[in-house]
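Notes follow once the structure below has been shown.
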Amino acid sequence: MTDRDRQAIASFLREQAGLLGFAEARFVAAAESPDHPLLLQWIESGYAAEMEYFRKRQDAYRHPDGVMPGTKTILVLLYPYPAASPPSESNASGATGRVARYVWPGDDYHDVIFSKLKALRRSLNKVDMTIGSRGIVDTAPLMEREVAELAGLGWRGKNTLLLNRHHGSYFFLACLLLDVELAPDVPHATDHCGTCTACLDACPTDAFVQPHLLDASRCISYLTIEHRDIIPQELRQGIGDWLFGCDVCQDVCPWNRKPSRRADEVQDRTPPEPIPLATLELIELLSIDDESFRKRFRKTPLWRARRRGMVRNAAIVAGNLRDPDTVPALSALLGEDDAMLRATAVWALRQVGTPEALEAVEALGQIEQDPIVLEEIRRTV
């Protein structure tokens, strides 16, 4: 393959990526990860919490060959999601909880972006059938933020997220691994955070050990999405009204607060009004059964937490909001077979603190046998 052929392929891929809605597309040569030792240290320090997939695949993160053997080049793609201001009003009839903005459009971004990567691969195959490729969206052991920085897409902020001058951090990263050598773009060598610590200072659960170092076990996004057990009591109030994910460290970032980061910049992913999943009603979520949850959320990112996790999260939010209207739904959870849900409902009812709420907890205490639930009953608010 001649240099002219390589340049033509690179130009073709950039053009096609733009047509598919990717805001930026840059190339980086496949190489051993400079930050792989830091990943290992992060895992060994326990900051990966219960995300065992990091430990199980830690060697694969060393080089893109761990994802696709023979990778020579990575096309790193930036795909924006809604950057609009949070909804100021809700049509909900009762108390609601918030959902991270990447979920707002209501579809699973993996499905959306994978379909675009498949289309990009099909287009490439029509040009050259000999080029091998694989598309990924945060589902493979690749240091995506690192390769994005090396490809020139931005720099890593103190909250560990990649920051881009034009899009802030409200975007997804996707990669197309290629087994052909294409000219790399210039790495992003400068950091534009300066002395700003807004993201670190705003974190409600103090999840940042230091700049650029996140303790996932304290992160609201981890706790509400990946964590499968009862949420530690000392972190519950910090969750506030976040039902799924968290945008606090992004919303306070100056690079996300500029006018150019707002919704009119994002066309493909800006949802029509009303926003499908910006907020959810607590009573409805507390009362939802498995089948209803499946029908409503199977094709959304919320499916990751399953019904069990989302009901737990809703109970935490209900406790933080102390809304008396949630007491009947919380009390009904005391009859759940799942001890985690009963224990979380106990905490929430005691937070609400109405006579009806406290009576429901007292009644459960007369018959409860599970030690986790009994511990919650015996605790003081």
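Assorted remarks:
- Residues of the range 178-187 satisfying the condition of being open to solvent by 50 Å² or more (accessible area, probe 1.4 Å) and out of contact with any Asp or Glu (no Cβ under 8 Å at 6 or more places or on another chain): D179, E181, A183, P184, V186
- Residue within the range 322-331 that is among the aliphatic types (A, V, I, L, M), open to solvent by 20 Å² or more (accessible area, probe 1.4 Å) and modelled with pLDDT of 95 or more present: no
- Residue check for T130: open to solvent by 20 Å² or more (accessible area, probe 1.4 Å), part of a loop (DSSP other than H, G, I, E, B), closer than 17 Å to S33 by Cα and out of contact with any helix residue (DSSP H, G or I) (no Cβ under 7 Å at 6 or more places or on another chain): no
- Qualifying residue in the range 154-167 (condition: farther than 25 Å from W104 by Cβ, in a loop (DSSP other than H, G, I, E, B) and either at pLDDT below 95 or open to solvent by 40 Å² or more (accessible area, probe 1.4 Å) (or both)): no
- Residue satisfying all of: in the range 188-205; modelled with pLDDT of 95 or more and touching a Gly at 6+ places or on another chain (Cβ under 8 Å); most open to solvent (accessible area, probe 1.4 Å) among these: P204
- A single entry from L214, L173 fulfils the requirement of being more than 30 Å from M340 (Cβ to Cβ) and either among the small types (G, A, S) or at pLDDT 95 or above (or both): L173.
- Wholly enclosed helices (runs of 4 or more DSSP H) of the range 1-94 bearing at least 2 residues within 23 Å of the chain's Cα centre (by Cα): 36-44, 52-56
- Count of residues meeting criterion [part of a helix (DSSP H, G or I), in contact (Cβ under 8 Å) with a residue 12 or more places away in the chain and open to solvent by 70 Å² or more (accessible area, probe 1.4 Å)] in the range 333-381: 3
- Residue count for the range 170-211, restricted to those that are within 17 Å of R26 (Cβ to Cβ), in a loop (DSSP other than H, G, I, E, B) and within 21 Å of the chain's Cα centre (by Cα): 0
The values are calculated or read from the model by the stated rules, or taken from the named source; none is laboratory data. Since this is a predicted model, take the numbers as computed values, not measurements. Note that we place each Cβ from the backbone using ideal geometry, even for glycine, and neighbour counts take in every protein chain shown. What goes into the accessible areas is simple: the full protein's heavy atoms, side chains included, and nothing from ligands, DNA or RNA. Shrake-Rupley method; radii C 1.70, N 1.55, O 1.52, S 1.80 Å.
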